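Nothing in this text is a laboratory measurement; each read-out follows from the coordinates by a stated rule. Just so it is clear, the structure is predicted and the values come from calculations on it, not from any experiment. For neighbour counting, all protein chains shown are included, and Cβ atoms are generated from backbone atoms with ideal geometry for every residue, glycine included.
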Ligand code: WAQ
Ligand code: MG
């Protein structure tokens, strides 16, 4: 199998890497690599965050026996009418799984003002102490990227088929659910908070082992170009080991059909 990944950036915030436009992670068989690359280049070149100045594509072989397998987290959905209400729900979901209120508030603040201290968004995630709210990433403008994660092709197909005509049958949700599943199964993670940096996409989620993947609408205003991810951790004594674990290859090989309560 091959890890195929893409990240696209443009100039903007003065950092050497430029400002993040978009990125994606795929695991593909030999015969599908070319097709995946084409799809990822297409995504980078037509992204709503703007035209990229640089697109990096990495293709790397991964020994099949090193690939870990996971069942997707169970999904559920909350209702919120306003951004304020949505963020209150997110804080409550985080506190329910033992993240301190202080850390939850801090995370919301970072994502809403732009998690990159140089301005704007990051290409990776914030890693935050679940108790103190302190950030652990060595490079605060880059964050930490989860690599080498995807759905097994047949399981992706059944997910899309079985959930067709529901809001869950989308590429974006497949990707988010795969990342969340891997992050939550990584030792040291307590929970994840995410909302997109794509201006048109305002639904985000809180994920945890106990409560699964909870979708929350309106975590930001339509048109807002800021967003990101926060991984809340506890008892991570060696940050490099945690980061390495986020880059171990993982495939989603099963899922539970959710009870949909309606949008
Ligand atoms: N590893 C770490 N951080 C990442 C990764 C990754 N592989 N991919 C994205 N991020 C961070 C990065 O800071 C981005 O700026 C941010 O997340 C948002 O990425 O069920 O679309 O791809 O409807 O814009 C949630 C779906 C969608 C909710 C999230 O995120 C639902 C989304 P985006
Ligand atoms: Mg994005």
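Observations, loosely collected:
- Its Cα gyration tensor gives the chain an equivalent ellipsoid. The semi-axes, each the square root of 5 times an eigenvalue, are 25, 22, 20 Å from largest down.
- Here the peptides 199-211, 235-247 are ranked by packing, the mean other Cβ count within 10 Å, and the order with the highest first is 199-211, 235-247.
- Dimensions (Å) - region 32-146, Cα atoms, principal axes, largest first: 45, 36, 34
- Extension gain from residue 48 to residue 166, taking 0.36 nm per residue of separation minus the Cα-Cα distance: 40.1 nm
- Along principal axes, Cα extents of region 1-100, largest first, whole Å: 44, 40, 24
- Full extension of the segment from residue 222 to residue 248, taken as 0.36 nm per residue of separation minus the current Cα-Cα distance, would add 5.9 nm.
- DSSP bridge orientation in the chain - percent antiparallel, rounded to nearest 5: 70
- Cα principal axis extents for region 66-110, largest first, Å: 41, 23, 19
- Relative contact order of the chain, defined on C-alpha pairs under 8 angstrom at six or more residues apart (%): 25
- Using the alpha-carbon positions of region 141-185, Rg (one decimal) and Dmax (whole number) come out as 12.1, 39 Å.
- Calculated [θ] (222 nm, deg cm²/dmol) that DSSP helices of n ≥ 4 give over the chain, each run adding -39,500 (n - 2.57): -8500 deg cm²/dmol
- The Rg/Rh ratio for region 115-263, using Cα coordinates for both the radius of gyration and the Kirkwood hydrodynamic radius, is 0.96.
- Length added when fully stretched, residue 235-residue 201, from 0.36 nm per residue minus Cα-Cα: 8.9 nm
- When its C-alpha radius of gyration is set against 2.2 N^0.38 Å (N residues), region 50-89 gives a value of 2.19.
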